[in-house]
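Coordinate-derived values only; no laboratory data. Note that the structure is a prediction, hence the values are computed from the model and not measured. Positions of Cβ are backbone-derived with ideal geometry, glycine not excepted, and every protein chain shown enters the neighbour counts.
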Amino acid sequence: MTIPIITLITDFGLKDSYVSEIKGVILSISPACLIVDITHQIEKFNIRMGGFLLASASKYFPENTVHVGVVDPGVGTERRSIIIETMQSYLVGPDNGLLFLAAKNQRVRRIHEITNKELMSSNISNTFHGRDIFAHAAAHLAKGVLPAEFGPPIQGIVEPAFAKVKKKGNKLIGEVLHIDGFGNVITNIEEKDVKARITGNIVKVELPKAELRLEFCKAYSEVETGKTLAIVGGHGLLEISINRGNAADEHQIEVGDKISTSFSS
């Protein structure tokens, strides 16, 4: 028998009881499931960071895993609560852009708004949908309830600005999606778009505080220690890195910075 898996990613931190309350609800409904914490250290209200880390981690879980994302500054407003059924898993959370990158990576089958009050808490807090709506939905999905039972189908979800890349001939114009613990600057520019344009081994990069002409490498150590390079990292996205250094600090790059790239030999 396959054990159902539910993952959690939130900006709740670990100081308060919020994460435990969500887990308590899930286990009360689906006691046989396995709960995996992706992280609860998302910066407060940072949908970009949550969306990137959810997309990065979720694709490595078994089929039919239920992923719950709660980074929800609009909780209690008119924003929708949704379930996205992809070709690989289920994504549960607010329709505020948080689930977009994971859904895009996994290809969407169908989307349903969560409106069926029989599959929610009987007493829904305006400030804690993670516990009272999303945890209930995830637990019921893990028990085999079909997405269609939660509410009506909908077409399309919020596409956040951080998911968009403009293509102008040989140029790709995107933004900095994430800076990891090594100082690697991870952009939203995908490997397939880089490969479609690069003709040699040089990437020209324009950032708000830097203009760089970088070698396009397959490994960090292809350049000397301390030298900046361009590379497609483990997430399949273009990165600006320094061999054994911190590219973000060195070039004063911040999350959200616009980045323009062009390619030459």
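Points worth noting:
- Test item: Cα-centred dipole of region 5-149, Lys/Arg +1 and Asp/Glu -1 on Cβ, debye: 300 debye
- This model, with +1 at the C-beta of Lys and Arg and -1 at the C-beta of Asp and Glu, gives the chain a dipole about its Cα centre of some 720 debye.
- Acute angle (nearest 10 degrees) that the helix 18-29 long axis makes with the longest principal axis of the chain, alpha-carbon atoms: 50 degrees
- Projected label distance in nm at ASN246 and PHE182, using a 7 Å step from Cα toward the beta-carbon: 1.5 nm
- Less than 5 angstrom separates the built amide H of ARG109 from those of GLU85, THR86, MET87, all sequence-distant by 5 or more or on a different chain.
- Taking 0.36 nm per residue of separation and subtracting the Cα-Cα distance, full extension of the segment from LEU34 to LYS218 would add 62.6 nm.
- Beta bridges per DSSP, both residues in the chain: antiparallel share near 70 percent.
- Ordering GLY69, SER58, ILE38 by the projection of their Cα atoms onto the charge dipole of region 1-111, which places +1 on the Cβ of Lys and Arg and -1 on the Cβ of Asp and Glu, puts SER58 at the extreme positive end.
- Mean separation of Cα pairs under 8 Å and 6 or more residues apart, divided by the residue count, gives the chain a relative contact order of 15 percent.
- In region 178-243, GluC sites (Glu not before Pro) in a DSSP loop with at most 13 other beta-carbon atoms within 10 Å: GLU224
- Given charges at beta-carbon only (K, R positive; D, E negative), |dipole| of region 87-152 in Debye: 260 debye
- Against the chain, whose longest principal axis comes from its Cα atoms, helix 47-58 is set at around 80 degrees.
- Counting only lysines at least 8 places from LYS218 when in the same chain, those with an alpha carbon closer than 19 Å to its own are LYS192, LYS195, LYS204, LYS227.
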